[in-house]
Amino acid sequence: MESLYAELKLVDGRSIEIKKMINNLSTMLDKQPPFKNIEASMALGNQSIRPDQFFGKGLSTAVKEYLKMRDQACTAQEIYDSLRAGGFEFPKDWTDKYQMRNLTISLSKNSSDFVYVKSSNSYGLWEFYPEKQRERKKQKTNGQDKTVEASQEEAVEPLTNTQNAIEESKKSIAQQ
């Protein structure tokens, strides 16, 4: 049985290489790459995402489940692609054009569950980083009301500025 798994891993690896080549050629020919989510499928190894894996689940629950499957921090794009592949239904008021942006905002705002890893531009679970978690708890017990790490504040700041600009634009239009 072990030898079959080893052979399957080799075949899967070769399949991923071929898919990447096809995607690269498609891009060079100004065509849409036909294979999506290659990196996520490669990283999951023997675990695959079922088409209904995240169907009917809340955003936070689905993201936590995916990150636990991966057992590492992932970029927002990887999370987005995997949620879509797993049948997650994004809120109806999140238009297709802004789903990725809204996911990133949600991850950044939910600092009690998710931690932004600035060096890799990715999001992980606090449980992946026990030392950081202890630092965070220590900051809370020292009377500081700082529950968001500095790196998360940096990630949210541009989004907050954008949201403020949108609100100001709405007010300006309403006044006219």
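Only the coordinates and a few stated rules stand behind these numbers; no lab work does. Predicted model only: the values in this text are computed from it and were never measured. Backbone-built Cβ (ideal geometry, glycine too); neighbour counts: all protein chains shown.
Here are some notes:
- Listed by chain and number, the lysines placed with their C-alpha closer than 21 angstrom to that of LYS20 are LYS9, LYS31, LYS36; residues fewer than eight positions away on the same chain are left out.
- The trypsin sites (Lys or Arg not before Pro) of the stretch 1-31 meeting both criteria, a DSSP state outside H, G, I, E and B (loop) and at most 13 other C-beta atoms within 10 angstrom of the site's C-beta, are LYS31.
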